[in-house]
Every structure is written in structure tokens, then in C-alpha cells.
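J.: The following block contains the structure, expressed as C-alpha cells.
What follows draws every value from the coordinates through simple rules; no lab data is involved. Note that the structure is a prediction, hence the values are computed from the model and not measured. Here Cβ is always computed from backbone atoms with ideal geometry, including for glycine, and neighbour counts include all displayed protein chains.
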Amino acid sequence: RAKKRGKGSIEVFDHTLRQRALRQSKIETDLKQAISQGEIYLEYQPIINLETEKLMGFEALMRWQHKELGMISPGEFIPIAEETGLIVPIGYWVLSQACEQLKKWHESFPEFEDLIMSINLSALQIKDPALVKTVQEILQANNLSGNKLKLEITETTLIENVELASEQLKKLKANQIQISLDDFGTGYASLSYLQRFPVDVLKIDRSFVSVMAPDNHNFKIVQGVISLAHALNMTVIGEGIETSYQEQELASLGCEFGQGYYFDKPLDAVCATKLLN
Ligand code: C2E
Ligand code: MG
Ligand code: MG
Ligand code: MG
């Protein structure tokens, strides 16, 4: 009986595995054309100054509306784009698209001339020797200065590419581009180690923010991270703020900026423009 059930479950397992492999290879194939097919677009999530409650900027987040499979999350397609190397050209498309949008907003809304665009960079982009030159070209093409651009990098990217990453970040900084450390706390690096890299902004990962609730006064880690970040001259963004409680606690701990569903979900370009209006 055990054997029979075992066999059955192997078949089911096999079937799901096969399905998954098929989906994966379809995504891999279709990703090559996804941009030229117009299936990939950006959403923009507001980043708020917790003290003034004003909009500081947006984080650009990639979306893929596949014509047969529907919405495919970045959590699913970005790892595939990284495995295949496609993240490099796609990443430049994101940069270019987001900078173009930012320039339009600066022009249409002079009161938002200091609005910043934050863009995620993957490890392969950091390893690309053409990174700095390409970013410079994109900024120039859109007549934007580097201080309007923030690039988000994870600690894993940094610690797996120490020499190269610190070279690349220095060159980006020489162009006034700001560097954010994304998802802080989910990797293995200590803040004192990360101090070797020229990081301006630390983004506290959502997993630390989501446990902040009135019945759980366990904010010591978040508090410690914020103080250490400040001691290292970094500003802090709390990610994944979903409640006013979290916003207030983070603000009272001295966290300068916040991002999360409590303020806004990622918005398409039309909705983000309405928000600016
Ligand atoms: P991330 O850079 O840490 O982006 C934040 C993620 O948290 C986004 O997920 C956002 O939609 C989600 N989020 C924001 N506020 C809340 C909240 O209050 N609650 C919850 N539950 N979630 C919130 P998304 O858009 O699915 O992106 C996932 C990840 O995919 C990003 O994490 C980033 O690592 C990657 N990604 C997205 N776009 C790009 C891109 O253009 N290039 C690269 N290399 N990676 C990207
Ligand atoms: Mg990010
Ligand atoms: Mg993040
Ligand atoms: Mg993330």
C-alpha cells in the first residue's frame, strides 16, 4: 500500500515538475521578445519623507503582462533573466524608461524638480564593464543629473563581488549617483562590513517592518540598524510599511523615509502622474 501510494505521489510530483520546467522554458524563450512585444512595463512606488509626509521619489518596479500566461511576477521572471543574462539588456531598458519618465515629471511638475528615481540593479549589471558608461549615456540622453538617480543593490550582490562592486560604485558616486542597499537584513553581511562600500541609503527589509505591531515591542533590531546606519552617515528607508502604527514607530526611531502599501502600492505611469497632480 505504501509502495502504491509512493508511486502515485511520484507521478504527481513528476507531473508538477514537468509543468514547472515547461513554464520555466517558455518564460525563458518569451522573455527575449517580451520588451519588443510591449509586454514589459514599469510601475512606480512612492517613497515618502516620514517627517514632512512629502513625496521624495519613486522606485521603478518591472511588470510583465504575458499574453497567454497573464501577469508574471518579478520574483518569477527576474531569476530567469539573471540565469540567461537577459537582465543586462532588460535592466538598461528599465533604466532608460524610468529616466525618461522622471524627466517628463520634472518638466510637467516644476514643484517636483527634486523628485528622485530609484532603480534596482542585479549582480550581473554590476559585473558589466559597460555599466557606468551606459548609465552616463542614459542620463545624458534624458538631460538628467546623476543626483536624481538612485541605484538599489542588495548586500548579496556586494559581498559576492567585493572588488568589482566597490570599483563600480565609486565610479557611479563620482557621477553623483546615489546608492541604496536594498533588502537590508536578509543577507549575511554586517553593516560594519558594508561600510567599505560607498552606500548612501539603507533600505530595511520588509520582514523587519512587518513584525512591528502594538503587541510586539520587539523593535530593538530595527532601532539598532537605524542608529548604526546614521552613525555611518546613511539615511534609512523602511520598506513594506502597511500600517500607520509602523509608520509612526519608524518615524519615532528616526527612520527618514518610508515605502509601502500604507502610502501607495506600485502605480502605473498614469496613476503615478495623477498622484503628482
Ligand atoms: P524590491 O526591490 O525589494 O522591491 C520591493 C518589493 O516589495 C516590490 O515587489 C513591491 O511591490 C513590494 N512591496 C512594496 N510595498 C509593500 C508592502 O507594503 N507590502 C508588501 N507585501 N509588499 C510591498 P515586486 O514589485 O514584486 O518586486 C520584487 C522584487 O523584484 C524587487 O524587490 C526587486 O528585487 C525585483 N525587481 C523588480 N523590478 C526590478 C528591476 O527592474 N530590475 C531588477 N534587477 N530587479 C527588479
Ligand atoms: Mg528595490
Ligand atoms: Mg527591497
Ligand atoms: Mg526584494
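J.: Look through the stretch 184-219, keep the residues that are away from ligand 1 (no atom under 13 Å from the Cβ) and among the hydroxyl-bearing types (Ser, Thr, Tyr), and return whichever of them is surrounded by the most Cβ atoms within 10 Å (Cβ to Cβ).
T.: In this case the residue turns out to be Tyr193.
J.: Under 6 Å between Cβ atoms, at least 6 apart or on separate chains: pull out the pairs that start in the stretch 53-72 with a residue that is closer than 21 Å to Ile87 by Cβ and end on any residue that is within 16 Å of ligand 3 (Cβ to nearest atom) and among the charged types (D, E, K, R).
T.: These pairs meet every condition: Leu61/Glu43; Arg63/Glu43.
J.: Suppose we filter the stretch 234-275 for residues that are in contact (Cβ under 8 Å) with a residue 40 or more places away in the chain, touching a Pro at 6+ places or on another chain (Cβ under 8 Å) and either hydroxyl-bearing (Ser, Thr, Tyr) or within 16 Å of ligand 3 (Cβ to nearest atom) (or both); how many remain?
T.: 3
J.: Then there is this: Quick one: count up the residues across the stretch 187-224 that are closer than 29 Å to Lys171 by Cα and within 16 Å of ligand 4 (Cβ to nearest atom).
T.: Residues meeting the conditions: 8.
J.: Still on this model: Taking the residues in the stretch 75-117 that are β-branched (Val, Ile, Thr) and closer than 14 Å to Phe58 by Cβ as candidates, determine which candidate is surrounded by the fewest Cβ atoms within 10 Å (Cβ to Cβ).
T.: If we take residues in the stretch 75-117 being β-branched (Val, Ile, Thr) and closer than 14 Å to Phe58 by Cβ, then Ile116 is surrounded by the fewest Cβ atoms within 10 Å (Cβ to Cβ).
J.: Looking only at the stretch 29-51, decide whether some residue is of a type in the set (Asp, Glu), free of Cβ contacts under 8 Å to residues at least 40 places away in the same chain and part of a helix (DSSP H, G or I).
T.: So far as the stretch 29-51 goes, yes, one or more of its residues are of a type in the set (Asp, Glu), free of Cβ contacts under 8 Å to residues at least 40 places away in the same chain and part of a helix (DSSP H, G or I).
J.: Going by the conditions given, is Val211 under 21 Å from the mean Cα position of the chain (by Cα), within 17 Å of Glu242 (Cβ to Cβ) and not hydroxyl-bearing (Ser, Thr, Tyr)?
T.: yes
J.: Taking the conditions exactly as written (in contact with a strand residue (DSSP E or B) (Cβ under 8 Å, 6 or more places away or on another chain), more than 30 Å from Ala21 (Cβ to Cβ) and away from ligand 2 (no atom under 16 Å from the Cβ)), does Leu95 satisfy them or not?
T.: no
J.: Need pairs with beta-carbon distance below 9 Å; first residue in a loop (DSSP other than H, G, I, E, B) and within the stretch 148-164, second within 11 Å of ligand 1 (Cβ to nearest atom); sequence gap 6+ or separate chains.
T.: Matching pairs, first to second residue: Asn161/Ala123; Asn161/Ile126.
Yes/no per residue for (1) touching a residue at least 24 places away in the same chain (Cβ under 8 Å); (2) within 15 Å of ligand 3 (Cβ to nearest atom):
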| position | (1), (2) |
| --- | --- |
| Gln195 | yes, no |
| Pro198 | yes, no |
| Asp205 | yes, yes |
| Val209 | yes, yes |
| Ala213 | yes, no |
| Asn216 | no, no |
| Lys220 | no, no |
| Gly224 | no, no |
| Leu232 | yes, no |
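J.: If you take the residues in the stretch 156-199 that are within 14 Å of ligand 2 (Cβ to nearest atom) and closer than 21 Å to Phe58 by Cα, which one is nearest to the chain's Cα centre (by Cα)?
T.: Only one residue tops the list, namely Asp182.
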